[in-house]
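The values are calculated or read from the model by the stated rules, or taken from the named source; none is laboratory data. A quick note: this is a predicted structure, and the numbers were derived from the prediction, not measured. All Cβ positions, even for glycine, are placed from backbone atoms using ideal geometry, and neighbour counts span all protein chains on display.
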Amino acid sequence: MSIPPPPGPHQPEGPFQPPVSQPPPPYTQRPDGAPGFPGYQPWTQGYSPYNHPAPVNGLAIASLVLGVLCFLPGVGLVLGLVALRQIRRRGERGTGLAVGGAVLSAVGLALWALLLATGGAAEVWHGFKEGARDGATISLTEGECFDAPDGELSGETYDVDTVPCAGAHDGEVFASFRLPAGAYPGDDAVAETAEDRCWSLQNGYAMDGWAIPDDVDVYYLSPTEESWAAGDREVTCAFGSTDEGEDLTGSLRNDETVLDADQVAYLKAAHVLDAALDTAPEEEYVEDDLPGHKAWAGRVSAALGEQARMLRAHDWPAGARRPVAALAADLDKARAEWAKAAKAEDADVFYEHYDNGFDLIEPSRAVAARTALRLATTVPADPGEGSGDTGMRV
């Protein structure tokens, strides 16, 4: 049983009529000679639903970017002209990009030529450096040596050059620390904190203060308000020469990395007394603050007892035992005098025991022990009031 097809536009409705035999449609021929499909033309380029557009020329894009940024305008102009030639030869897209890039680059090139001719380029570069300087931070690590602009370790700077410590240099970093977060505390507060902390940190890097030349002082690099706003909180402590135009040569480092165990033991004991002596009252004259000076004398007396104990507790080499023992005996005598000064009823009694106790800790008394331990033996000069401005702001 057969089912008739539905009536079409050329087939009337009604009883089934056998189809009239029709000749097959002619076959078309493809360009390569093979038969095509009956009744239809083959697809050709330009009519294919899968046809891809021509690519955009890469040099045209690069030319436009350089032209907009006004960066390397000469290169942008050349790239735009080359892109136009490639577009015509390859049938690529991007003519407008290439023309725009070439025009903008040509304008930029003309502007740069005008700036160079009038000196404006120098002003632009100066402004760029000033802007970079405002937010600059300097990062130096312990043990590094550096040269400062113009050899000056004061004022403001935005850059330093690290150099080998073996040769001539302006400064040698011995410590660094970070200031607490928050609003900028002001120039004076930053300078005061930097100076106090750097002075207290120098002994960790240069344990033997006698080995530091008299013309060397403590300097520091601290943040400015501008660099603080950029996140800079670091203070860098450094040694530098107090003589204008003079350099340091060689490292001043003398800590546990370069000293032997006997030298370290002696210097640690010496630091106990040094720390106590540094706690003297702000009032210079005893009459102005007798209670404060008596309390200070008590701290010095206790430190002298601890120093003597530490010296006796260490097993010294044979050549150093006698001079170290003699030094410890002087410390015992000095401790007794300072203890009496701590109990003085008036300034005159204080001065009497203070003078006796100070004579017993006079630095020259330590020369024999230092000689035996191969430490520096030149008694350092009095530090005085310092060398003035030892701060450098970044």
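Scanning the range 361-394 for residues that are buried (at least 19 other Cβ atoms within 10 Å of the Cβ), outside any loop (DSSP other than H, G, I, E, B) and modelled with pLDDT of 80 or more yields A366, A369, R370, A372. Consider D232 carefully, then state whether it is at pLDDT below 95, part of a helix (DSSP H, G or I) and farther than 25 Å from V272 by Cα. In short, no. Considered as a group, the residues in the range 256-311 that are aromatic (F, W, Y) and closer than 19 Å to L331 by Cα include one that is surrounded by the fewest Cβ atoms within 10 Å (Cβ to Cβ), and that residue is W296.
Okay, residues lined up against (1) in the same structural domain as E225 (by TED's automatic domain parsing); (2) touching a residue at least 40 places away in the same chain (Cβ under 8 Å); (3) farther than 21 Å from S227 by Cα; (4) small (G, A, S):
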| site | (1), (2), (3), (4) |
| --- | --- |
| D161 | yes, no, no, no |
| A166 | yes, yes, yes, yes |
| D170 | yes, yes, yes, no |
| V173 | yes, yes, no, no |
| P180 | yes, yes, no, no |
| E192 | yes, no, no, no |
| G204 | yes, yes, yes, yes |
| I212 | yes, yes, yes, no |
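In the range 260-269, the condition of being in a helix (DSSP H, G or I), farther than 25 Å from G143 by Cα and not assigned by TED's automatic domain parsing to the domain that holds A166 is met by no residue. When you scan the range 146-158, do you find a residue that is surrounded by 14 or more Cβ atoms within 10 Å (Cβ to Cβ), of a type in the set (F, W, Y) and at pLDDT 80 or above, even just one? Yes, because at least one residue in the range 146-158 is surrounded by 14 or more Cβ atoms within 10 Å (Cβ to Cβ), of a type in the set (F, W, Y) and at pLDDT 80 or above.
Kindly indicate whether any position in the range 247-255 is of a type in the set (K, R) and closer than 25 Å to L375 by Cα.
yes
Which residues, taken from the range 334-355, are basic (K, R) and more than 50 Å from the chain's Cα centre (by Cα)?
Initial filter on the range 334-355 (basic (K, R)): 335, 340, 343.
Within the range 334-355, K340, K343 meet the criteria.
Scanning the range 314-328 for residues that are outside any loop (DSSP other than H, G, I, E, B) and within 46 Å of the chain's Cα centre (by Cα) gives A320, V324, L327, A328.
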